[in-house]
Amino acid sequence: MENNNIPIVAPSLLSADFSDMETALTLIEKSGGDWVHFDVMDGTFVPDITFGHKMVNDMRKRSNLPFDVHLMVYHPETQIEKFAHGGADYITIHAEATIHLNSIISQIKEFGIKAGISIVPSTELSRIQELLPVVDLVLVMTVNPGYGGQKLIPETLKKIIALKELKQKMGYNYIIEMDGGVNRESCAQVLKAGPEAIVTGSAFFDDKDPAAYIQLFKTECNCR
Ligand code: DX5
Ligand code: ZN
């Protein structure tokens, strides 16, 4: 799954037309997207509300790509089972959203689903230190979660580099994913930081040539 050089690209449906998710899925597949990223928002942890488990589970019938579910909700432990019974391949919770993180990560894994932990830009890596040996994915938010189309916060990229070093040194297995502010302009600094999975929403759906856009992250492009 993970590759040293070529990152996984996970287009985020947050920037898709919610009235036509099937077309969005087809576009992701046709354009060479590797995963489908679902941004679940509860209107409290972040201001907006998007969709819940039914959306993810219903869409499972329409795609064979891995579903990468990013829960921007308080108390995700109340929802894991519902997402687990449908379509999620990865479920990522926020360190800031609940207290007993270790047990929720175990809960996700007990359903046979890969478990991820995410931190917002203001949260230090040390906050999730004890989870690093057990998670399958670490999602570094490179914008404050809640909206698409924001500008990447460059300071957050240091966490990706630190996670890579820790992974090598300690033999951890997590995939390092980043989310927010990825676009043609930030491509060079993104690739330099070296995430293993890249979430991209508005830049993918707004691009005139989404397949070429994805290829930017897949080839030894000039911007690296
Ligand atoms: C933001 C979401 C992102 C969002 C990224 O809170 O977690 O997944 O879709 O959007 P862009 O790529 O437009 O910054
Ligand atoms: Zn996301």
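Scan region 126-142 and tell me whether some residue there is buried (at least 22 other Cβ atoms within 10 Å of the Cβ), assigned to a loop (DSSP other than H, G, I, E, B) and either within 16 Å of ligand 2 (Cβ to nearest atom) or without any contact (Cβ under 8 Å) to a residue 60 or more places away in the chain (or both).
yes
Condition (residue is under 28 Å from Asp209 (Cβ atoms), in contact (Cβ under 8 Å) with a residue 24 or more places away in the chain, within 14 Å of ligand 2 (Cβ to nearest atom) and touching a Ser or Thr at 6+ places or on another chain (Cβ under 8 Å)) applied to region 62-69: is it met by at least one residue?
yes
Of the residues Val140, Val56, which is hydrophobic (A, V, I, L, M, F, W, C), within 16 Å of ligand 1 (Cβ to nearest atom) and either within 26 Å of Lys158 (Cβ to Cβ) or under 12 Å from the mean Cα position of the chain (by Cα) (or both)?
Just one listed residue meets the conditions, Val140.
Under the condition of being of a type outside the set (S, T, N, Q) and surrounded by fewer than 19 Cβ atoms within 10 Å (Cβ to Cβ), which residue from region 1-12 is modelled with the highest pLDDT?
Once the filter is applied, the top-ranked residue is Ile6.
Within region 175-189, is even one residue loosely packed, with under 14 Cβ neighbours inside 10 Å, without any contact (Cβ under 8 Å) to a residue 40 or more places away in the chain and not in a helix (DSSP H, G or I)?
yes
With the requirement that a residue be surrounded by 16 or more Cβ atoms within 10 Å (Cβ to Cβ) and of a type in the set (A, V, I, L, M), what does region 190-224 give you?
Val190, Leu191, Ala193, Ala197, Ile198, Val199, Ala203, Ile214, Leu216 - these are the residues of region 190-224 that are surrounded by 16 or more Cβ atoms within 10 Å (Cβ to Cβ) and of a type in the set (A, V, I, L, M).
For Ser15, are the conditions met, namely being of a type in the set (Ser, Thr, Tyr), at pLDDT 95 or above and within 15 Å of ligand 2 (Cβ to nearest atom)?
yes
Just to be sure, is Gly148 of a type outside the set (A, V, I, L, M, F, W, C), modelled with pLDDT of 95 or more and in contact with a Gly (Cβ under 7 Å, 6 or more places away or on another chain)?
Judged against the criteria, Gly148 is a match.
Given the criterion among the charged types (D, E, K, R), over 17 Å from Ala211 (Cβ atoms) and within 17 Å of the chain's Cα centre (by Cα), identify the matching residue among Asp17, Asp39.
Of Asp17, Asp39, the one residue that is among the charged types (D, E, K, R), over 17 Å from Ala211 (Cβ atoms) and within 17 Å of the chain's Cα centre (by Cα) is Asp39.
Does Ile113 satisfy the condition of being crowded, with 17+ Cβ neighbours inside 10 Å and touching a Pro at 6+ places or on another chain (Cβ under 6 Å)?
no
Strands (runs of 3 or more DSSP E) wholly in region 7-114 with at least 1 residues that are within 23 Å of Asp206 (Cβ to Cβ) - which ones?
Qualifying strands (runs of 3 or more DSSP E): 8-11, 36-41, 67-72.
Return the residue satisfying two criteria in turn: it lies in region 18-52 and is away from ligand 1 (no atom under 12 Å from the Cβ), exposed (fewer than 13 other Cβ atoms within 10 Å of the Cβ) and touching a residue at least 40 places away in the same chain (Cβ under 8 Å), and of such residues it is nearest to Tyr147 (Cα to Cα).
Glu22
Which one is farthest from ligand 1 (Cβ to nearest atom) among residues in region 190-213 that are free of Cβ contacts under 8 Å to residues at least 24 places away in the same chain and of a type in the set (Asp, Glu)?
If we take residues in region 190-213 being free of Cβ contacts under 8 Å to residues at least 24 places away in the same chain and of a type in the set (Asp, Glu), then Asp209 is farthest from ligand 1 (Cβ to nearest atom).
When you look at Lys169, is it among the charged types (D, E, K, R), more than 15 Å from ligand 2 (Cβ to nearest atom) and surrounded by 17 or more Cβ atoms within 10 Å (Cβ to Cβ), yes or no?
no
The values are calculated or read from the model by the stated rules, or taken from the named source; none is laboratory data. None of the values given here were measured: they were computed from a predicted structure. As a convention, Cβ positions derive from the backbone with ideal geometry for all residues, glycine included, and neighbour counts pool all protein chains shown.
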